[in-house]
């Protein structure tokens, strides 16, 4: 059995669905630390019961992070206890609370040890039909228009696979927004990974409008990288088009000029202009 270190924070990965997807080391650590910090004690207790882990659980989430952070530092630094941090599923700190605690531990010279395991991001990435590296993880897709405009305009120039989380209730709306800003791209959609009803779908954004999506289970969205000849963001295309319109150039002629100057198809210019003008 691995010796548990005192005054040490263990960042422990837990299963993302299938309870068997946990390492022997993780189970041993969870059984032998002094306290486990978790998002939802009710959800974590299912895992603890399955593996007969009787360690004390302490809730640690966005709403009590500051208070429990100070408690945890006291456990670690004053009481010389060992503490494990877990999330509801997968690897902690990935779209979950915990970063402030790790930073504080490092600032206080408290040892931090990663106990590796399941990750929905990597599981989706290695089963996709997209380039596994480089990739960029954004977390949950932004809800505010200005935020997602900024993200998607950036993706227009990004030569790597982009990865997002999304809720089942917003999945279709989000994919349609992506199509508006990015045009047609290959997409991999992963849902309920490692569970009985796991689904991994491969399609293109142009087909989203005709598709139906299951309204259950968090989705991982993987978006194909930009083409190397995509040198201009949608905003830059619209700005150039508007310049010719303001000069009195007719609509179709303006699109034709922009197409030639930027060396992109007239169809793409039309799509960008139509979408961004409608969104104003």
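The values are calculated or read from the model by the stated rules, or taken from the named source; none is laboratory data. On a predicted model such as this, the values are computed, not experimentally measured, just so you know. Methodologically, a virtual Cβ is constructed for each residue, glycine included, from the backbone with ideal geometry; neighbour enumeration extends over all protein chains shown.
A few remarks follow.
- Subset of region 222-240 that is touching a helix residue (DSSP H, G or I) at 6+ places or on another chain (Cβ under 8 Å), at pLDDT 80 or above and closer than 30 Å to residue 191 by Cβ - its residue that is surrounded by the fewest Cβ atoms within 10 Å (Cβ to Cβ): 226
- Test: residue 206 is surrounded by fewer than 19 Cβ atoms within 10 Å (Cβ to Cβ) and under 23 Å from residue 131 (Cβ atoms): yes
- All conditions in (1) within 30 Å of residue 270 (Cα to Cα); (2) assigned to a strand (DSSP E or B) hold for residue 190, with the sole exception of (1).
Table: residues versus (1) at pLDDT below 85; (2) outside the structural domain of residue 151 (by TED's automatic domain parsing).
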| residue | (1), (2) |
| --- | --- |
| 179 | no, no |
| 242 | no, yes |
| 263 | yes, yes |
| 267 | yes, yes |
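- The listed residue being over 21 Å from residue 41 (Cα atoms), in contact with a strand residue (DSSP E or B) (Cβ under 6 Å, 6 or more places away or on another chain) and either crowded, with 19+ Cβ neighbours inside 10 Å or at pLDDT below 90 (or both), out of 95, 162, 131: 162
- Residues within region 29-68 that are farther than 27 Å from residue 17 by Cα and either in contact with a helix residue (DSSP H, G or I) (Cβ under 6 Å, 6 or more places away or on another chain) or modelled with pLDDT of 90 or more (or both), tallied: 0
- Flag for residue 155 being crowded, with 17+ Cβ neighbours inside 10 Å, without any contact (Cβ under 8 Å) to a residue 60 or more places away in the chain and touching a helix residue (DSSP H, G or I) at 6+ places or on another chain (Cβ under 7 Å): no
- Selected residue (criterion: surrounded by the fewest Cβ atoms within 10 Å (Cβ to Cβ)) from residues of region 30-54 that are outside any helix (DSSP H, G or I) and touching a strand residue (DSSP E or B) at 6+ places or on another chain (Cβ under 6 Å): 34
- Taking region 1-10 as the range and being out of contact with any helix residue (DSSP H, G or I) (no Cβ under 7 Å at 6 or more places or on another chain) and crowded, with 16+ Cβ neighbours inside 10 Å as the test, only 8 passes.
- When the test is whether a residue is modelled with pLDDT under 85, within 19 Å of the chain's Cα centre (by Cα), closer than 22 Å to residue 158 by Cβ and crowded, with 16+ Cβ neighbours inside 10 Å, residue 190 does not pass it.
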